[in-house]
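These notes concern the structure reproduced below.
Each value in this text was obtained by applying a stated rule to the coordinates, not by laboratory testing. Fair warning: this is a prediction, and the values are worked out from it, not measured in the lab. All Cβ positions, even for glycine, are placed from backbone atoms using ideal geometry, and neighbour counts span all protein chains on display.
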Amino acid sequence: MTPMERKGRHGMAQVIMGLTEVPEAFGLWLFLSVGSVCLFVVFIPLISWIDNRRREREAFYKADTIRRLAEGSGEGARAAMELMREEDRLKRIKAREGLKLGGLVNLAIGPGLSIMLYSLAGRTGPYMVGAIPTLIGVALLLYVFLMAAPVE
């Protein structure tokens with residue numbers, strides 16, 4: 001075998017080995033791609049399906065309980081109506097508390113974001129972007145305390 005033939009074979013071997021070598025970050029890429037497929041194709045739909053079944057079951061049992069109460073005497077019908085009113089009142093209270101919490105969180109995020117952007121970019125930076133969540137928080141709190149109908 002001549003040196004030229006040896007060199008040609010050696011060059012071809014390097015090309016083949018270069019094609020079959022696994023890059024350094026291949027393991028991380030494989031882990032992240034398989035993990036994302038599992039998350040978006042399997043886990044999220046499964047959790048959604050389980051949650052929907054739970055809600056459906058709760059609604060069925062609630063409707064059955066109210067129906068049985070209403071079928072009873074006049075006292076049972078009054079109890080069913082009172083139960084429905086109380087559940088509605090608790091639902092509205094929970095929604096108001098959620099709005100209060102959302103307003104307070106936004107009110108805290110705004111100045112924090114402004115301080116962070118000011119320290120990163122300086123005076124010419126976009127530090128006034130923090131005013132957006134602050135104003136959203138103020139609007140939520142104004143709605144809850146001044147404009148929303150009171151819960152009896």
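For region 20-152, the dipole from Cβ point charges (+1 on Lys and Arg, -1 on Asp and Glu) about the Cα centre works out to 380 debye, to the nearest 20.
3J(HN,Hα) couplings calculated from phi for region 118-133 with the Karplus curve 6.51 cos²θ - 1.76 cosθ + 1.60 (θ = phi - 60°) are, in sequence order, 5, 6, 7, 10, x, 5, 8, x, x, 5, 6, 4, x, 5, 5, x Hz; Gly and Pro show x.
Can you give me the C-alpha center-to-center distance between region 27-44 and region 95-146, rounded to a whole angstrom? Here the answer is 34 Å between Cα centres. For region 120-152, chymotrypsin sites (Phe, Trp or Tyr not before Pro) are listed when DSSP marks them as loop and at most 14 other Cβ atoms sit within 10 Å of their Cβ; the list is empty.
Of the trypsin sites (Lys or Arg not before Pro) found in region 74-144, those that fall in a DSSP loop while having at most 16 other beta-carbon atoms within 10 Å are R123.
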